[in-house]
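Data block below; observations after.
Derivation of every value follows stated rules applied to the coordinates shown; laboratory data play no part. Predicted model, so just to flag it, every value in this text is computed and none were measured. So basically every Cβ, Gly included, is an ideal-geometry build from the backbone, and we count neighbours across all protein chains shown.
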Amino acid sequence: MSDTPTSDPKPSFRSDVTVELVKHSASDSDVLWAARVSTAGEQSLEELQKDPERSKGLINFLMRDRHGSPFEHNSMTFFVSAPIFVFREFMRHRVGWCLAGDTEITLESEAGNLRRRTIADLYRLWHLGVEDRLPHSAGGVTWHSGAGKWMAQVHSGDKNHYLGLYENREAAESAVVEFREEHPSARIPKLEPVRGNQVRCYDEETLVATRAPIVDVIESGVKPLIKITTESGRVLRSTVDHAVLTPEGWRKAGELSVGDAVMAAATAAAPTERPVPPSLRRGIGVWTSMQRSQLINDVDVCHLCRGSFPREELALDHVIPVASDLAQALDEANLAPACQECHARKSAEEEALARQGGKVAVARPDAIVSITEDGEEMTYDLSVEGPWHNFLANGIVVHNSYNEESGRYRELQPVFYVPGEARKLVQQGRPGKYEFVEGTDAQQELTGRAMEDSYRQAYEAYQEMLAAGVAREVARAVLPVGLFSSMYATCNARSLMHFLGLRTQHELAKVPSFPQREIEMVGEQMEEHWARLMPLTHAAFNTNGRVAP
């Protein structure tokens, strides 16, 4: 497989960000319908035409008294083009889909071994350091019956350190803590890395299990949860917006009902070659070869690794193996390009399974038996590399809501961010009270020149590594966060209001916010789209201090 660049593009520079509304199901009538569903909800779609002032008053009441759930029954998907550092701000202030901290994520090693960690533990280890598996220095507090007091002591190095007797336990414990802070251990800990972890995910075409690297683990804030319990006893605690895989495709957790099914971890009999006679298999192979010219472009994408290859380096792969479903053996829709390396590996895996006659990990429907509200608590989410962007949460297949362009599968284009003249460059004040002011002409010139020179040098190094055959996923490490990327972000009106409260500065806001200007530019454009879709809800948001209900 070669990662040689197909062209030699020159760097270009931008000072703007763009936000496009690509699809939506969002209007003020959605809020009215949800609020009145217990009485005359079916009539609310006509309320805007019948009595606009009454509708305006109801939406304002819901916003003012913080009745949040009616604002969640809608959806907006945005396509955002911005520098990479803006997306890091998105990931710090999530607006969409989240899971409870005790949700267990299934991790899979290269050897296929499975283990589980809670998503809260993954977040802690990802951001706060790797796990230290050695015990802490011995020491503690015990009751000294002879003295009638609490005794503090610590074993550190090769010595026992007596710290004294104390009237109460808290004072003795404080002495132990102070000693450990003043005498840190000099031993070399055995550390367990977590940033190389991969999750079990599923090919959404075949429903067969595979692996995907974790890109990031995100703490998403305290949010209301629902609890979904399935027939097999699995429990998923998530926000109503979190996407769950069902037999009909992706659906939000809040849209599901008792009796619906979610896709969950299961096993199935491995494919066997016995039902396919050798002569029939040869015939299928000849027919498949005849489809190459019409189904593979001159340069096409491998459906397994997402890399781009010339036609001569691609084969036609049966997405659902012939042995698994003979009826699809001659179905063109079941054929997709695959590079030689991926095709050989997939074929070998299928042959091995056929010989073993054992089990293969798949996703299967699991019926929902109950859905209940489950309070509010800190929530988390994963960002997972493509092409499938899903993972197992308590054994149920869920999606991450943050799909950013991946430099692992395609050559990144040299478009970089340089601040425009209106961008204030100088920061003054103390933390929490920063003020940004205009920069001088000299500062503006220096910023533009330094950034452009740095970008050119970094991209030249990236191109040089690709030309030398270095994999894209390795070469991309030299690129700066000022590189433009793109992503899809999906949210509802309530989560968008929460995002705007954090990421825009506005004179009507009850709670002041001081966001980085570049993500504020994204927020402003998202707000413009939303205001056109839901003008009454947007007006109520402003009237009530721009605080999400």
- Fully extended contour minus Cα-Cα distance, from GLU205 to ARG115, at 0.36 nm per residue: 29.9 nm
- Take the alpha carbon gyration tensor of region 278-357, find the square roots of its eigenvalues, order them as a ≥ b ≥ c, and report rounded if a/c is under 1.5; if not, report prolate when a/b exceeds b/c, else oblate. oblate
- Query: If we sort 327-338, 530-541 on the protection proxy, mean other Cβ atoms within 10 Å, highest first, what's the order?
  - Reply: 530-541, 327-338
- With +1 at each Lys and Arg Cβ and -1 at each Asp and Glu Cβ, the charge dipole magnitude of region 426-549 around its Cα centre, to the nearest 20 debye, comes out at 640
- Note on the structure: Residues meeting the amide H criterion for TYR202 (H placed from the backbone, H to H distance under 5 Å, 5 or more places apart or on another chain) are THR210, ASN390
- Ordering 468-475, 106-113 by per-residue average of other C-beta atoms within 10 angstrom, highest first, gives 468-475, 106-113
- Contour minus Cα-Cα distance for SER293 and ALA268 (0.36 nm per residue): 5.5 nm
- Item | In sequence order, calculated HN-Hα J values of region 391-398 (Karplus, 6.51, -1.76, 1.60; Hz; x Gly/Pro) | 7, 8, 10, 6, x, 10, 7, 10
- Message: What are the ³J(HN,Hα) couplings of region 18-32, residue after residue, when phi is run through the Karplus curve with 6.51, -1.76, 1.60 and θ = phi - 60°? Round to Hz, x for glycine and proline.
- Response: 10, 10, 10, 7, 8, 7, 6, 9, 8, 7, 4, 5, 4, 5, 5
- Kindly identify region 505-546 as rounded, prolate or oblate by the Cα gyration tensor criterion: order the square roots of the eigenvalues as a ≥ b ≥ c, call it rounded if a/c is under 1.5, otherwise compare a/b with b/c, prolate if a/b is larger, else oblate. oblate
- Per-residue HN-Hα couplings for region 511-527 [Karplus 6.51, -1.76, 1.60; θ = phi - 60°; Hz; x = Gly/Pro]: 10, x, 10, 10, x, 5, 4, 5, 6, 5, 4, 5, x, 4, 6, 4, 5
- Message: Given axes a ≥ b ≥ c from the Cα gyration tensor, I'd like to know whether region 458-546 is rounded (a/c under 1.5), prolate (a/b larger than b/c) or oblate.
- Response: prolate
- Within region 278-357: Cβ-based charge dipole about Cα centre, in debye rounded to nearest 20 (Lys, Arg +1; Asp, Glu -1): 200
- Amide H neighbours of ALA261 under 5 Å, at least 5 residues apart or on other chains, H built in the peptide plane: list them. ILE368
- Within 10 Å, count the other beta carbons around each residue, average over each peptide in 71-83, 477-489, and list them highest first. 71-83, 477-489
- Residues whose placed amide H lies under 5 Å from that of ARG117, excluding near-sequence neighbours: ILE105, LEU107
- Item | Neighbour net charge for VAL240 - beta-carbon separation under 12 angstrom, K R +1, D E -1 | +1
